[in-house]
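The values are calculated or read from the model by the stated rules, or taken from the named source; none is laboratory data. These numbers were taken from a predicted model, which means no experiment stands behind them. Ideal geometry is used to build each Cβ from the backbone, glycine not excepted, and the neighbour counts take in all protein chains shown. Only protein heavy atoms, including side chains, enter the accessible area calculation; ligands, DNA and RNA are left aside. Shrake-Rupley method; radii C 1.70, N 1.55, O 1.52, S 1.80 Å.
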Amino acid sequence: MPVRILGIESSCDETAAAVVEDRCRVLSSIVATQIEVHRKYGGVVPELAARHHVEAIGVVIEQALDEARTGLDQIDAIAVTRGPGLVGSLLVGLCAAKAIAWQRELPLLAVNHLEGHVRSVFIEHPRIDFPAIALIVSGGHTSLYLCPAEGEYRLLARTRDDAAGEAFDKVAKLLGLGYPGGPVIEQLARDADERAFAFPKAQMKDGSLDFSFSGLKTAVRRTVQREGLTHATPSGATASPKVQNLVASFQKAAVDVLVSRTLRACEKESVGTVLVTGGVACNGRLRRAFEQAADREGLALYLPSPQYTTDNAAMIAAAGFLHLERGAQAPFDLNADASLTL
Ligand code: KG4
Ligand code: ZN
């Protein structure tokens, strides 16, 4: 009999549920996004996020089961995001998962959201060779991990300030381009001149692989002020060519840093396999840059398709399989951990 896991994810502003069979066969993956709720605030409002998760979670889980043509009696375990994320949001998914697991007497699997992002790559590429270097690049995280073997993670580098996705969001907010910033900036940058503005690419003085995006964000703000671009664009669609060149130059600077730091990690650890994952990994400019670099350096590169780069529950269920196989069942007094590390 195939093994089926129901995955539940609610760490930020997406309420998601998915049914995954035998590690990587996705039978359903439902994501209810709250982007419209948070858009007018230019970022996620934690209290509103938690309330909307409460409203959506039951419907989303039912939809995931319906689409997978699966009843709870055909589910073998419940995997849920335990952290990191917004505590009020995490608790909604966790309570739902505990309730189902308790009532159906199923194993409860507590998944680290970051492990979920790494495992998202394996949904479409189940047979990746280890060791691998994993770049997680999202709205909350920008980290490089060495994965020596399946289920093993060693942190090599992290951001010392903003995450890359956060930098996209803040630059878009600065220019009044809307939320989330990543997709808007990618679209505006498409036919623009990405060499119009030269932005700094922060290197750590101590030679570490850590990232820093606050200097880049400040450099963009100074350019916006110098060029008088603030409030120039009521909506992304009508941005001036100068704004388009500015965001293209910012995007290039961010992508260059992400690619070069990842290549350095591969070299330092003598690893030839690279996984790139997280919301920013659906950026086409970033994907192309990684593909070119991998070709040039002879690296095996794996990126999830865009639906699995941003937050989803299929990746949580996929990570849950590793816990189930190890017998790592979570207790029912499990709590959310907003700053859980991997
Ligand atoms: O992984 P994710 O859905 O949530 C977190 O775990 O943070 O990532 C969301 C982030 C946001 O900052 C958003 O602006 C960014 O991913 N993002 C993008 C693109 N699509 C989403 N950044 C750059 N280009 C994109 N196309
Ligand atoms: Zn995420």
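In region 1-12, which residues are open to solvent by less than 10 Å² (accessible area, probe 1.4 Å) and within 10 Å of ligand 2 (Cβ to nearest atom)? Within region 1-12, Glu9, Ser11 qualify.
Say we look at region 13-55 and pick out the residues that are among the basic types (Lys, Arg) and more than 19 Å from the chain's Cα centre (by Cα); which of these is surrounded by the most Cβ atoms within 10 Å (Cβ to Cβ)?
Initial filter on region 13-55 (among the basic types (Lys, Arg)): 23, 25, 39-40, 51.
Next, from what is left, pick out any that are more than 19 Å from the chain's Cα centre (by Cα): 23, 25, 40, 51.
Details: Arg23: 19, Arg25: 14, Lys40: 9, Arg51: 16.
Across region 13-55, the extreme among qualifying residues is Arg23.
With respect to the conditions (1) over 22 Å from Gln244 (Cα atoms); (2) away from ligand 1 (no atom under 15 Å from the Cβ); (3) aromatic (Phe, Trp, Tyr), Phe197 falls short on a single one, namely (1). Filtering Arg104, Arg119 for residues that are farther than 13 Å from Ser11 by Cα, open to solvent by 20 Å² or more (accessible area, probe 1.4 Å) and either within 16 Å of ligand 2 (Cβ to nearest atom) or touching a Leu at 6+ places or on another chain (Cβ under 8 Å) (or both) leaves a single hit, Arg104.
Residue under question is Glu124, and the condition is that it be under 16 Å from Ala16 (Cα atoms), more than 16 Å from ligand 1 (Cβ to nearest atom) and either under 21 Å from the mean Cα position of the chain (by Cα) or open to solvent by 10 Å² or more (accessible area, probe 1.4 Å) (or both); does it hold? First the steps, then the outcome.
On the way: under 16 Å from Ala16 (Cα atoms): no; more than 16 Å from ligand 1 (Cβ to nearest atom): yes; either under 21 Å from the mean Cα position of the chain (by Cα) or open to solvent by 10 Å² or more (accessible area, probe 1.4 Å) (or both): yes.
No, not satisfied.
Checking each residue in region 130-178 for being in a loop (DSSP other than H, G, I, E, B), within 8 Å of ligand 1 (Cβ to nearest atom) and open to solvent by 30 Å² or more (accessible area, probe 1.4 Å) picks out Gly139, Gly140, His141.
Name the one entry in Leu286, Leu275 that is assigned to a helix (DSSP H, G or I), aliphatic (A, V, I, L, M), crowded, with 18+ Cβ neighbours inside 10 Å and within 16 Å of ligand 2 (Cβ to nearest atom). Steps first, answer last, please.
Details: Leu275 fails: assigned to a helix (DSSP H, G or I).
It is Leu286.
Of all the residues in region 238-252, those that are in a helix (DSSP H, G or I), within 17 Å of Gly178 (Cβ to Cβ) and polar (S, T, N, Q) number 3.
What residue, of Ala281, Ala253, Ala336, Ala317, is more than 20 Å from Tyr145 (Cβ to Cβ), within 16 Å of ligand 2 (Cβ to nearest atom) and open to solvent by less than 10 Å² (accessible area, probe 1.4 Å)?
Working: Ala281 fails: more than 20 Å from Tyr145 (Cβ to Cβ); Ala253 fails: within 16 Å of ligand 2 (Cβ to nearest atom); Ala336 fails: open to solvent by less than 10 Å² (accessible area, probe 1.4 Å).
Result of the check over Ala281, Ala253, Ala336, Ala317: Ala317.
As a summary of the residue check, His323 satisfies the conditions (1) free of Cβ contacts under 8 Å to residues at least 60 places away in the same chain; (2) open to solvent by less than 50 Å² (accessible area, probe 1.4 Å); (3) of a type outside the set (Phe, Trp, Tyr) except for the one numbered (1). In this entry, Val224 is excluded by the filter for residues that are hydrophobic (A, V, I, L, M, F, W, C), open to solvent by less than 30 Å² (accessible area, probe 1.4 Å) and touching a Gly at 6+ places or on another chain (Cβ under 6 Å). Residues in region 164-182 that are in contact with a helix residue (DSSP H, G or I) (Cβ under 8 Å, 6 or more places away or on another chain) and within 22 Å of Ile136 (Cβ to Cβ): 12 in all. Tell me, which residue of region 179-215 that is open to solvent by 50 Å² or more (accessible area, probe 1.4 Å) and part of a helix (DSSP H, G or I) is nearest to ligand 2 (Cβ to nearest atom)? Result: Pro183.
The sole residue among Gly93, Gly83, Gly116 that is within 15 Å of Leu324 (Cα to Cα), among the small types (Gly, Ala, Ser) and within 16 Å of ligand 1 (Cβ to nearest atom) is Gly116. When the residues of region 69-92 are filtered to those that are open to solvent by 60 Å² or more (accessible area, probe 1.4 Å) and assigned to a loop (DSSP other than H, G, I, E, B), the one that is farthest from Leu6 (Cα to Cα) is Arg69. Close Cβ contacts (under 6 Å, 6 or more residues apart or on different chains) running from residues in region 69-80 that are closer than 11 Å to Ala317 by Cα to residues that are in a strand (DSSP E or B) and β-branched (Val, Ile, Thr) comprise Ala77/Ile5; Ala79/Ile5; Ala79/Val111; Val80/Ile8.
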